[in-house]
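Quick notes on the structure that follows.
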Amino acid sequence: MHPQTRYGHFIATVEIFTGMSFLAVMTGLIFARFSRPRARFIFAKNPVVTVHQGQPTLMIRMANERNNTISQATARLWLARMETTAEGSKYRRFYELLLDRREHPLFMLSWSLIHVIDETSPLYRVTPVDLAAADGLLTLNVGGVDDNSAQYLHARRLYNHQDIRWNYRYRDITSFSERGTLVIDYSLIDESMPQ
């Protein structure tokens, strides 16, 4: 079976072109959707406020669950809280919490994000009661390049003010095997203890 007229040839050409284009686009979209790697970052369930290097510090621990390296890893931490203007209007305001090390050249194992609570910090002299009254919320954004696929990975974690453990510190998750290699116990990533 084949077209007999020029009009039939034109209709068949348009139909073939449309069908091939639709098939190519759908194949590309499906491949892009299912071939994209997912970030497998493990975040501690609770941030802690502890004393580090003699200063009060907010810490969040995370780890890379993949067997490969994440290059050019970056992290940004934000504090969101409700504030009242002079006119009495309430709105949510975001403050970036400066991290001691916001970039990691080779994120392979674990990474402790550290924010020093000094005079420049939005958390300076803030108590748990103050943070609860302001409905405080921490937003952590992490991203980096997967070395195997060369694609950008990103993940986000939200912490409510009830999740923060004040005057706690994380339990050490690293140890050395009998062969002298560094071992990380991911099951301890959420473990913290009173300071």
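Taken together, the values in this text are just the output of simple stated rules run on the coordinates, not laboratory data. Model, not experiment: these values are computed from the prediction. Note: ideal-geometry Cβ built from the backbone for every residue, glycine included; neighbour counts use all protein chains shown.
Among the GluC sites (Glu not before Pro) within segment 100-195, those in coil by DSSP and having at most 13 neighbouring Cβ atoms inside 10 Å are E119, E178. Working from label points 7 Å from Cα in the Cα-to-Cβ sense, the N141 to R156 distance is 0.8 nm.
Over the Cα atoms of the chain, the radius of gyration divided by the Kirkwood radius equals 1.24; this is the Rg/Rh ratio. Taking 7 Å steps out from each Cα toward its Cβ at D185 and F31 produces label points 4.6 nm apart.
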